[in-house]
Amino acid sequence: MNFKLFFTAILLICFTGINNAQIDLGKIARDAKRTVNKRVDRNIDKAIDNTLDETEDAIKGKNKKKKNKGEDDYYDEKGGTTVIKEVIPNSFAGQFMITRDIEGGSQESNMYTIAMQEYETAIRPLMVKTPHNLIIYDKENETKTTINTVKYEGKALRDWVMREEVSEKKYAKAERTDEIEDIDGYIARKYTVKAKEYEGEVWFTKEIDADLGIINYLLELDELFLDPKLGFPLKMNLSFDDGYTEIFKVTDINETADQSLFDISQYNLVDMTDLESGK
């Protein structure tokens, strides 16, 4: 046997196999690239939608844990009952702007700066400054401090309040849509909502875990009966049965709160119960 010819044949076979392997790998790479490019545009909305679903599920579980954690605990001590109430701090610490454009109603359009820190929520109207220039709600002590520089110059009036939680049975009917919008850098999902006195569209985000109940209470929006499990509303277009419409939008979201909004040291703090009793 001619060993030289034999080894030459073996080398040719190996070289041909390597080239074929290289060609096949290149083809696979090109095919994969084309497949990915075809799927990117089609799947991006689905990916965002799935991510929102996962976030919503996580937040729902988190809120459920919060609710259980915040329930009152009862202890029997020497035949009596002591109620110990645990207050959950605000999850969102920062501030944002709310614009309310109202047409046809008794209320006036306005803008508000809302700031939140550990247990306090401050709200300052920027346009219409009546009846108050500033309201600070402390959910740990269940107090509301109001400042009206026109009516009570130099005074901050503090009152104790018992804020009633909205029953889930009263929540507005909300139908989820597939529409997603970027609002001020936050992803929000559109819902169509319908309640006893209004209907419209609301864009909820799960990226801001602010206490919706407190903000609605301070803005006197409790009658909207929005389900907090849907998230925080960044935009609302609402039409009410009595003929007026409201456009509500959140902008200028920051994760740092202006501490001056919580500083009332320049005012004389007056307890409302003392004021009412003439002290």
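What the table below lists for this structure:
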{"quantity": "Any hit, segment 173-194, residues being open to solvent by 40 Å² or more (accessible area, probe 1.4 Å), touching an Asp or Glu at 6+ places or on another chain (Cβ under 9 Å), among the β-branched types (Val, Ile, Thr) and in a loop (DSSP other than H, G, I, E, B)", "calculated": "no"}
{"quantity": "Selection count where residues are assigned to a strand (DSSP E or B) and more than 16 Å from Gln266 (Cα to Cα), scope segment 120-164", "calculated": "12"}
{"quantity": "Enumeration of residues in segment 92-123 that are surrounded by 14 or more Cβ atoms within 10 Å (Cβ to Cβ), more than 15 Å from Asp252 (Cβ to Cβ), in contact (Cβ under 8 Å) with a residue 24 or more places away in the chain and out of contact with any helix residue (DSSP H, G or I) (no Cβ under 7 Å at 6 or more places or on another chain)", "calculated": "Ala93, Ile102, Tyr119"}
{"quantity": "Hits in segment 205-219 (condition: in contact with a Ser or Thr (Cβ under 8 Å, 6 or more places away or on another chain) and not hydrophobic (A, V, I, L, M, F, W, C))", "calculated": "Lys206, Glu207, Asp209, Asp211"}
{"quantity": "Long-range neighbours under 6 Å by Cβ, at least six apart or interchain, first residue under 13 Å from Met272 (Cα atoms) and free of Cβ contacts under 8 Å to residues at least 12 places away in the same chain within segment 132-159, second open to solvent by 10 Å² or more (accessible area, probe 1.4 Å) and among the polar types (S, T, N, Q)", "calculated": "none"}
{"quantity": "Meets criteria (modelled with pLDDT of 90 or more, at positive phi and either surrounded by 11 or more Cβ atoms within 10 Å (Cβ to Cβ) or not hydroxyl-bearing (Ser, Thr, Tyr) (or both)) for Glu142", "calculated": "yes"}
{"quantity": "Residues of segment 232-254 satisfying the condition of being closer than 18 Å to Leu212 by Cβ and charged (D, E, K, R)", "calculated": "Lys235, Glu246, Lys249"}
{"quantity": "Selection within segment 198-229 - surrounded by 14 or more Cβ atoms within 10 Å (Cβ to Cβ) and either charged (D, E, K, R) or touching a Cys at 6+ places or on another chain (Cβ under 7 Å) (or both)", "calculated": "Glu199, Glu201, Lys206, Glu207, Asp209, Asp211, Asp222, Glu223, Asp227, Lys229"}
{"quantity": "Hits in segment 150-172 (condition: loosely packed, with under 12 Cβ neighbours inside 10 Å, of a type in the set (D, E, K, R) and closer than 29 Å to Val87 by Cβ)", "calculated": "Glu164, Glu165, Glu168, Lys169"}
{"quantity": "Segment 230-244 - residue that is closer than 29 Å to Glu142 by Cα and hydrophobic (A, V, I, L, M, F, W, C) and, of those, most open to solvent (accessible area, probe 1.4 Å)", "calculated": "Leu230"}
{"quantity": "Test result for Ile253, in a loop (DSSP other than H, G, I, E, B), in contact with a Phe, Trp or Tyr (Cβ under 9 Å, 6 or more places away or on another chain), touching a residue at least 60 places away in the same chain (Cβ under 8 Å) and open to solvent by less than 80 Å² (accessible area, probe 1.4 Å)", "calculated": "no"}
{"quantity": "Neighbours by Cβ (under 6 Å, 6+ apart or cross-chain): first from segment 192-218, touching a residue at least 24 places away in the same chain (Cβ under 8 Å); second open to solvent by 20 Å² or more (accessible area, probe 1.4 Å) and of a type in the set (A, V, I, L, M)", "calculated": "Val193/Ala174; Phe204/Leu230; Lys206/Ile59; Leu218/Ile135"}
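The values are calculated or read from the model by the stated rules, or taken from the named source; none is laboratory data. Keep in mind it's a predicted model, so treat the numbers as computed, not measured. We place every Cβ from the backbone using ideal geometry, glycine too, and count neighbours over all the protein chains shown. For accessibility, only protein heavy atoms count, side chains too; no ligands or nucleic acids. Shrake-Rupley method; radii C 1.70, N 1.55, O 1.52, S 1.80 Å.
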